[in-house]
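Engineer: Take a look at the following structure, please.
Values in this text are rule-based calculations from the coordinates and carry no lab data. The structure presented is a predicted model; accordingly, all values stated were derived computationally and were not measured. Cβ coordinates were reconstructed from backbone atoms using ideal geometry, including for glycine residues, and neighbour counts include every protein chain displayed.
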Ligand code: ASP
């Protein structure tokens with residue numbers, strides 16, 4: 001059984017000035033996650049490491065680089081799920097946390113609950129000594145400028161996710177050398193969202209799902225649309241009906257477009273190591289590491305190949 005790691009940096013109309021940093025960020029994260037499995041780590045360890053790398057990179061809308069809500073605050077959502085046990089942990093509307101994916105993992109491993117929100121998530125973080133970061137440290141210059149430009153428009157959560165107001169959530173899926181799958185997703189949500197708005201990313205079956213019997217999925221796109229069609233579970237159910245990973249994702253994204261006019265993207269891995277990165281927005285930065293190859297893309301139908309070597313592992 002060989003391991004596979006796939007990551008995305010969000011599905012939206014990524015402007016040219018962010019394109020190359022987005023692709024290089026997802027490639028680095030895929031290599032970091034893959035190297036965790038090469039050293040004996042599990043798929044769960046790998047998706048956490050890959051998403052932490054993306055959260056630490058301010059080009060992406062998660063952790064550092066997160067978008068601002070209507071009051072100019074950062075509120076973060078994240079989920080992690082272990083396909084071996086169906087254990088899952090999530091946080092929503094949490095503030096001042098640099099790596100919400102690790103807090104989500106702590107919810108899974110150290111509490112009897114699956115989602116902690118807002119103040120409760122922050123109280124839990126304090127109780128396990130997760131250090132906080134001031135909001136200004138999480139906000140990039142790009143986001144501050146965009147928010148100032150758009151804050152007077154009622155464009156927060158738009159139906160058309162191809163709009164430039166959107167920003168890039170991050171996610172990872174993996175299958176490890178033992179055949180276990182996992183997923184993780186992390187986001188600042190959508191710029192100008194209402195205070196307390198929770199999108200799809202922290203909701204099981206919507207922003208992500210992982211089951212060793214079917215595979216693992218991480219989604220991105222217009223959260224309200226993803227929630228309406230439970231996108232991650234929809235992709236899985238197509239896979240459970242025998243569809244290949246790419247076809248399952250295409251059918252589900254197509255359905256979301258037809259049924260609720262929502263655009264988005266998904267990365268998927270099957271227990272046997274088949275994988276796909278699919279989107280209906282203009283662009284999605286993604287990368288996949290398997291055997292000795294690193295794959296990546298940004299525009300529709302794009303698939304570049306570079307050797308995975310000691311240097312990038
Ligand atoms: N799905 C995320 C949300 O609606 C946004 C994104 O994927 O960029 O919160």
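Engineer: If one computes the Cα centroid of the stretch 1-24 and of the stretch 164-231, what distance in Å separates the two points?
Structural biologist: Using only Cα atoms to place each centre, the spacing works out to 15 Å.
Engineer: Can you order the peptides 102-109, 297-304, 217-224, 4-11 by their average number of other Cβ atoms within 10 Å per residue, highest first?
Structural biologist: 4-11, 217-224, 102-109, 297-304
Engineer: Arrange 111, 281 by Cβ neighbour counts within 10 Å, fewest through most, would you?
Structural biologist: 111, 281
Engineer: Let me ask something additional. Within a 10 angstrom radius of the beta carbon, how do 213, 34 rank from fewest other beta carbons to most?
Structural biologist: 213, 34
Engineer: If I take R0 = 51 Å and measure r between the Cβ atoms of residue 301 and residue 123 in this structure, what FRET efficiency does the formula 1/(1 + (r/R0)^6) give, to the nearest 0.05?
Structural biologist: E(calc), rounded to 0.05, equals 0.65.
Engineer: I've got another one for you. Which part of the stretch 50-66 falls in the paramagnetic zone of residue 145, meaning amide N under 20 Å from the point 7 Å along Cα-to-beta-carbon?
Structural biologist: 57-62, 64-66
Engineer: Among rounded, prolate and oblate, which fits the stretch 215-299 when a ≥ b ≥ c are the square roots of the eigenvalues of its C-alpha gyration tensor, a/c under 1.5 means rounded, and a/b larger than b/c means prolate? Before the final figure, lay out each step's value.
Structural biologist: On the way: a/c = 2.32, a/b = 1.33, b/c = 1.75.
In terms of gyration-tensor shape, oblate.
Engineer: By the gyration tensor of its Cα atoms, with a ≥ b ≥ c the square roots of the eigenvalues, what is the shape of the stretch 182-235: rounded for a/c under 1.5, prolate for a/b over b/c, or oblate?
Structural biologist: It comes out prolate by the Cα gyration axes.
Engineer: R0 = 51 Å: FRET efficiency of residue 195 with residue 16, Cβ-based, nearest 0.05?
Structural biologist: Details: r = 32 Å, r/R0 = 0.63.
That pair, residue 195 with residue 16, gives E of 0.95.
Engineer: For the chain, what is the calculated [θ] at 222 nm in deg cm²/dmol (nearest 500), taking -39500 (n - 2.57) for each run of four or more DSSP H residues and dividing by its residue count?
Structural biologist: -10000 deg cm²/dmol
Engineer: Something else now. How many nm is it between the label spots at residue 1 and residue 133, if each spot is 7 Å from the Cα in line with the beta carbon?
Structural biologist: The two pseudo-label positions are separated by 3.4 nm.
Engineer: Oh, and also: Reported to two decimal places, what Rg/Rh ratio describes the chain when computed on Cα atoms with Rh from the Kirkwood expression?
Structural biologist: 0.94
Engineer: Could you work out how far the C-alpha centroid of the stretch 235-313 sits from that of the stretch 60-137, in angstrom?
Structural biologist: 25
Engineer: Ranked highest first by average number of other Cβ atoms within 10 Å, how do 175-183, 272-280, 45-53 line up?
Structural biologist: 45-53, 175-183, 272-280
Engineer: Taking a ≥ b ≥ c as the square roots of the Cα gyration tensor eigenvalues, with a/c under 1.5 meaning rounded and otherwise prolate when a/b beats b/c, else oblate, which class fits the stretch 1-125?
Structural biologist: oblate
Engineer: What is the order of 286, 295, fewest Cβ neighbours within 10 Å to most?
Structural biologist: Details: 286 32, 295 20.
If I rank by nearby Cβ atoms, fewest first, I get 295, 286.
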